[in-house]
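A short worksheet on the structure shown next.
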Amino acid sequence: MSQSNTYDLDLPQWIETLKKWQQPAFRAKQIWNGLYKQYWNQADQFLQLPAPLRKQLADSFDFKVIEPVLTLDSSDGQTRKTLFRLYDGRQIEAVLMRYDDRRTLCISTQVGCAMGCTFCATGQMGFKRHLSSGEIIAQVMHYARLLRETNEQVTNVVVMGMGEPFHNYDNTLAAIDRLNHPDGCNMGARRFTISTSGLIPAIRRFASEKRQINLAISLHASGDEARSAVMPVNRRYPIADLVAACRDYVTETGRRITFEWALIHGVNDTPAEAAKLAGLLKGLLCHVNAIPLNPTEGFDGKSTTQTRAEAFRQILENAGIPCTIRIRRGIDIQAGCGQLATQAEKEQSSG
Ligand code: SAH
Ligand code: SF4
């Protein structure tokens, strides 16, 4: 059964719904307050609402939205990954990473992904469906609720879980807008980062909307042949056009852009590759986030080594391009993009 969930509606839509139910508009704010400030996820928690309205809400809306079915904690206790079941039985995953004072969530926007990047577990699974805005929000609310138990808060959200957020542009941005709304979660826009495989029209649209949300581009190769081999989307949106769109984004917004680079041993982690990348990004307000490849079943490539990664970083830094090597967190809990959910999907289809 597909039922509207409580996080799917923005404030005007709640007002509209309540109007249809002959309820005053202030009830909409009470509902929003309960959902986003109190983190309630059951109709019977909304005690300030009249009982018949609570019943009507319970009958009309899905309050749980997503159900955690499996939780894995990394051995160092810093990373937690949760697999969630959606109303139709599909599954997605979201990860919490603790680092210093930060509590960063990595959330999903689709079940599977249509982009087909060869190294990516989600890409290997193919596209199943988009998530609704409420299903995207529910992942954040789940962890917000959990962290509140220890007086902690979600500090950052990276849209780097399963799926291509710019393929599901409206729902992804609607979700962030609701989390950002002062009457919603009131999380600053700068705390969000959207990562895209490089859908140029969406990048241009995003730039024109002049949002404060951070943008990251998955690059992984600086030549068209090499990039198309691992990221089929590159055939449609080749590197020169992509980098031109990124330059326009920086000009238009004044914001720094992040490039992601999964270091694959002997493929894109060589000094020559680093120098080529430095040339490509010259003069662009940017930062390179290099991540050792997380090996997946369907891809032959191996991860880089620490020494090679460091040499790569040094070449970029020497060329004036800031670069950090991100340590892959939670390898022991399959915290690579889509790895847990693909496993679950496989079991579902074979069983
Ligand atoms: N679809 C978006 C966001 C989700 S993927 C995108 O591609 O940007 C988030 C990041 O994880 C991307 O940079 C992606 O390239 C990277 N990634 C996917 N699989 C990986 C793997 N096996 N090892 C390292 N990085 C991976
Ligand atoms: Fe999709 Fe991103 Fe994975 Fe590519 S890397 S298949 S765009 S989720």
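Checking the stated criteria, A94 turns out to be within 16 Å of ligand 2 (Cβ to nearest atom), within 13 Å of the chain's Cα centre (by Cα), crowded, with 19+ Cβ neighbours inside 10 Å and small (G, A, S).
Scanning segment 112-125 for residues that are more than 28 Å from K302 (Cβ to Cβ), outside any loop (DSSP other than H, G, I, E, B) and of a type outside the set (D, E, K, R) turns up nothing.
When the criteria are applied in full, L316 fails the requirement of being open to solvent by less than 20 Å² (accessible area, probe 1.4 Å), part of a helix (DSSP H, G or I), modelled with pLDDT of 95 or more and closer than 18 Å to A229 by Cα.
Candidates R190, R204: the one that is of a type in the set (K, R) and closer than 26 Å to K276 by Cα is R204. Just one of the numbered conditions (1) modelled with pLDDT under 95; (2) assigned to a helix (DSSP H, G or I) is not true of A229: (1).
Applying the set (1) more than 16 Å from ligand 2 (Cβ to nearest atom); (2) open to solvent by 60 Å² or more (accessible area, probe 1.4 Å); (3) touching a residue at least 24 places away in the same chain (Cβ under 8 Å) to G283 leaves exactly one unmet item: (3).
A quick yes/no check of all residues on (1) within 14 Å of ligand 2 (Cβ to nearest atom); (2) free of Cβ contacts under 8 Å to residues at least 60 places away in the same chain; (3) more than 16 Å from the chain's Cα centre (by Cα):
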| position | (1), (2), (3) |
| --- | --- |
| D100 | no, yes, yes |
| C113 | yes, no, no |
| C120 | yes, no, no |
| M125 | yes, no, yes |
| A144 | no, no, no |
| V157 | no, yes, no |
| H181 | no, no, yes |
| G198 | yes, yes, no |
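Evaluation of S74 against the conditions (1) open to solvent by less than 20 Å² (accessible area, probe 1.4 Å); (2) under 18 Å from the mean Cα position of the chain (by Cα); (3) of a type in the set (S, T, N, Q) shows that the sole unmet condition is (2). Scanning segment 24-49 for residues that are open to solvent by less than 50 Å² (accessible area, probe 1.4 Å), farther than 30 Å from L83 by Cα and part of a loop (DSSP other than H, G, I, E, B) returns a single hit, L49. R247 fulfils the conditions (1) of a type in the set (K, R); (2) surrounded by fewer than 19 Cβ atoms within 10 Å (Cβ to Cβ); (3) within 16 Å of ligand 2 (Cβ to nearest atom); (4) closer than 24 Å to I315 by Cβ except for a single criterion, (3). Across segment 1-59, the qualifying residues are those that are polar (S, T, N, Q) and within 16 Å of G184 (Cβ to Cβ), and the one among them that is farthest from the chain's Cα centre (by Cα) is Q30. Within segment 66-78, being part of a loop (DSSP other than H, G, I, E, B) and at pLDDT below 95 holds for S74, S75, D76, G77, Q78. For first residues located in segment 295-317 and within 17 Å of E260 (Cβ to Cβ), partners that are among the β-branched types (V, I, T) and within 11 Å of ligand 1 (Cβ to nearest atom) and lie 6+ apart or on another chain with Cβ distances below 6 Å form the pairs F299/T118; G301/I264.
The values are calculated or read from the model by the stated rules, or taken from the named source; none is laboratory data. In this text the structure is predicted, and so the values were computed from the model without any measurement. A quick note on method: Cβ atoms are made from the backbone with ideal geometry, for glycine too, and the neighbour counts reach across all protein chains shown. Ligands, DNA and RNA are excluded from the accessible area calculation, which covers all protein heavy atoms including side chains. Shrake-Rupley method; radii C 1.70, N 1.55, O 1.52, S 1.80 Å.
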